[in-house]
Amino acid sequence: MIYVVSGPSGCGKSTLIKNLLSRLPGLQFSVSHTTRPRRPNEINGRDYYFVSREKFQEMKEAGAFLEWAVVHNEFYGTSWDEIKQKGNRGDLVLDIDVQGAKQVKKKLEKAVFVFVVPPSYPELEKRLRQRKTDSPEAIALRLKNARREIMEAEIFDYLVINGELEKALDELKSIILSHRCLFKERQKEFKEVLRSFKSWP
Ligand code: ADP
Ligand code: 5GP
């Protein structure tokens with residue numbers, strides 16, 4: 001299953017996803033392509049594939065992206081390669097913006113959409129400032145975009161309010177676990193159980 005996680009920049013998506021990946025076996029992260037500069041703590045190929053605008057444009061024109069968008073003046077996109085390679089091996093989580101989530105909704109038959117919000121606007125502002133990765137201008141732009149994004153939250157299936165981190169993590173984990181338990185997602189395992197029942201004298 002593909003899990004699309006969106007929400008205003010600074011609400012805690014990366015923190016939640018990073019923690020979840022270490023706690024939930026069988027879940028992988030879809031690494032996006034971006035033209036934005038790498039932050040000091042980021043690793044190419046782990047956090048993003050950092051590419052030039054020219055390379056991004058080339059890939060866009062070649063139809064290499066499932067979805068792409070301009071976010072805070074930079075290009076971001078999810079490549080089909082990433083989806084095909086990792087999607088075959090289990091559950092995949094995408095950390096993308098609302099514009100991207102809408103494109104995925106149109107293009108993929110099956111995906112689960114999760115919106116993450118901070119408990120309040122001042123808390124979002126505080127988190128962006130404390131993260132110390134963006135200039136005051138970049139923070140102002142992210143806050144402006146947050147107001148627009150939050151108005152579109154209702155297109156999503158689930159809402160996670162990231163106040164207390166552990167609670168939000170439990171909620172996100174529960175969303176994924178409950179989808180794994182859907183009858184139609186467990187046909188293979190159920191067949192095994194059935195086989196045992198049928199073969200027992
Ligand atoms: P996003 O990926 O949505 O842009 P981050 O995961 O980078 O957001 O989080 C932004 C900042 O907020 C980081 O400094 C992170 O440590 C902090 N943060 C994330 N979740 C919480 C939380 N539940 N409570 C307090 N701070 C948080
Ligand atoms: P950041 O620069 O803080 O890592 O991410 C900024 C925003 O870009 C976040 O809202 C994040 O979800 C979004 N984003 C990251 N990767 C992608 C992507 O591949 N596609 C789209 N549409 N948005 C992305």
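Any read-out appearing in this document is the output of simple, stated calculations on the displayed coordinates, not a laboratory observation. Computed from a predicted model, the values in this text were never measured in an experiment. With ideal geometry, Cβ positions are generated from the backbone for all residues, glycine too; neighbour counts draw on all protein chains shown.
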- Potential lengthening between Lys188 and Tyr121 on full extension [0.36 nm per residue; Cα-Cα distance subtracted]: 19.6 nm
- Scan segment 21-110 for trypsin sites (Lys or Arg not before Pro) in coil per DSSP, keeping those whose Cβ has at most 10 other Cβ atoms within 10 Å, and list them by number. Arg46, Arg89, Lys110
- Check cross-link reach from Lys188 to the aspartates and glutamates: straight Cα distance under 20 Å, and skip same-chain residues fewer than eight apart. Asp91
- Shape call for segment 25-117, from the Cα gyration tensor axes a ≥ b ≥ c (a/c under 1.5 means rounded, otherwise prolate when a/b beats b/c, else oblate), comes out rounded
- Message: Of the candidates Thr35, Thr78, Thr15, which one comes out as most mobile in a Gaussian network treatment of the chain with C-alpha springs shorter than 10 Å?
- Response: Thr15
- Report the local net charge at Asn88: Lys and Arg +1, Asp and Glu -1, summed over other residues whose C-beta lies under 12 Å from its C-beta. 0
- Task: Assign one of three labels to segment 121-201, namely rounded, prolate or oblate, based on the Cα gyration tensor with a ≥ b ≥ c the square roots of its eigenvalues; rounded applies when a/c is under 1.5, prolate when it is not and a/b is larger than b/c, and oblate otherwise.
- Result: prolate
- Once Lys and Arg get +1 and Asp and Glu get -1 on their Cβ, which of Trp200, Pro118, Gly87 lies farthest toward the positive end of the dipole of the chain? Trp200
- Query: Once amide H atoms are built 1.01 Å from N in the peptide plane, which residues 5 or more positions from Gln28, or in another chain, come under 5 Å H to H?
  - Reply: Asp91, Leu92, Val93
- Farthest positive-ward along the chain dipole, Cα basis, beta-carbon charges - from Leu165, Tyr49, Phe29: Phe29
- Ordering 122-131, 4-13 by per-residue average of other C-beta atoms within 10 angstrom, highest first, gives 4-13, 122-131
- Item | Ranked by how many other beta carbons lie within 10 Å on average, peptides 167-180, 146-159 from highest | 167-180, 146-159
- Item | Residue pairs, from the table Lys18/Lys132; Lys105/Lys126; Lys60/Lys110, whose Cα atoms sit over 21 Å apart | Lys105/Lys126; Lys60/Lys110
- Message: Within 11 Å, Cβ to Cβ, of Val117, how many net charges do the neighbouring residues add up to if Lys/Arg are +1 and Asp/Glu are -1?
- Response: -1
